[in-house]
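Trainee: Provided herewith is a single structure, encoded as structure tokens, for subsequent inquiry.
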Amino acid sequence: MTARFIVGIVALAGVSVCGLLASLATFELVDKVNDNLPREEQFAPLGWYLFKYQRLNREYKRLYPDGRQLFKVRVLTALMFVFLLISAWGFGFKKSEQKLNQTRPSSRRALSSYPFKVKRFVNYS
């Protein structure tokens with residue numbers, strides 16, 4: 001295995017760890033906010049979408065103006081995406097232009113080196 005591939009594996013583990021920690025931190029955030037809200041305004045644990053996240057963030061900032069939990073969730077989420085990009089690089093999802101040119105036969109000489117016969121022109125008349 002190359003060093004680049006090993007970096008990709010480690011970064012993939014980082015994606016998993018940061019994603020799990022961000023989810024757990026979000027659950028803590030929901031619990032903190034729900035403790036201070038009336039029953040009818042509390043957040044349900046399932047069915048998350050953009051506007052619900054925005055409302056949760058607004059309520060957290062209102063209830064805990066000096067709270068660091070929201071910052072923690074954002075940092076973990078950002079780290080997760082950074083690790084995702086590093087793992088994509090590590091596994092080689094971006095091929096260089098030089099590799100692309102080496103894999104494509106670009107001349108007749110390259111076509112003649114195939115182990116089978118290539119028909120270039122067919123005349124059906």
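Trainee: Looking only at region 18-48, count how many residues are at negative phi, outside any helix (DSSP H, G or I) and of a type outside the set (A, V, I, L, M). Break it down stepwise before answering.
Mentor: Going residue by residue through region 18-48, those that are at negative phi are 18-46, 48.
Among the residues that remain, those that are also outside any helix (DSSP H, G or I) are: 36-38, 42-46, 48.
Narrowing further to those that are of a type outside the set (A, V, I, L, M): 36, 38, 42-43, 45, 48.
Total meeting the criteria: 6.
Trainee: Hey, another quick one. Check off (1) exposed (fewer than 14 other Cβ atoms within 10 Å of the Cβ); (2) touching a Leu at 6+ places or on another chain (Cβ under 6 Å) for residue 76 and give me the number that stays unchecked.
Mentor: (1)
Trainee: Would you say residue 15 is assigned to a helix (DSSP H, G or I) and within 30 Å of residue 93 (Cβ to Cβ)?
Mentor: Numbers: assigned to a helix (DSSP H, G or I): yes; within 30 Å of residue 93 (Cβ to Cβ): yes.
For residue 15, the condition - assigned to a helix (DSSP H, G or I) and within 30 Å of residue 93 (Cβ to Cβ) - is met.
Trainee: Follow-up question, since we're still on this one. Going by the conditions given, is residue 88 within 15 Å of the chain's Cα centre (by Cα) and at pLDDT 95 or above?
Mentor: Values: within 15 Å of the chain's Cα centre (by Cα): yes; at pLDDT 95 or above: no.
When the stated conditions are applied, residue 88 does not pass them.
Trainee: Another question about this same structure. Enumerate the pairs (first residue in region 50-79 and closer than 14 Å to residue 23 by Cβ and in contact (Cβ under 8 Å) with a residue 40 or more places away in the chain; second residue anywhere and among the polar types (S, T, N, Q) and part of a helix (DSSP H, G or I)) with beta-carbon separation below 8 Å, excluding pairs fewer than 6 apart on the same chain, so at least 6 apart or on different chains.
Mentor: From residues that are closer than 14 Å to residue 23 by Cβ and in contact (Cβ under 8 Å) with a residue 40 or more places away in the chain, the pairs are 73/26.
Trainee: Picking from 93, 81, which residue would you name as being modelled with pLDDT under 90 and surrounded by 10 or more Cβ atoms within 10 Å (Cβ to Cβ)?
Mentor: Answer to the check: 93.
Trainee: OK, next. Report, by residue number, each residue of region 4-54 that is among the hydrophobic types (A, V, I, L, M, F, W, C), surrounded by 11 or more Cβ atoms within 10 Å (Cβ to Cβ) and over 22 Å from the mean Cα position of the chain (by Cα).
Mentor: 29, 30, 33, 37, 43
Trainee: Then there is this: Only residues that are basic (Lys, Arg) and more than 26 Å from residue 10 (Cα to Cα): list them for region 37-82, please.
Mentor: 39, 52, 55, 58, 61, 62, 68
The values are calculated or read from the model by the stated rules, or taken from the named source; none is laboratory data. Worth saying up front: this structure is predicted, and the values here are computed from it rather than measured. Neighbour counts run over all protein chains shown; Cβ positions are idealised from the backbone, glycine included.
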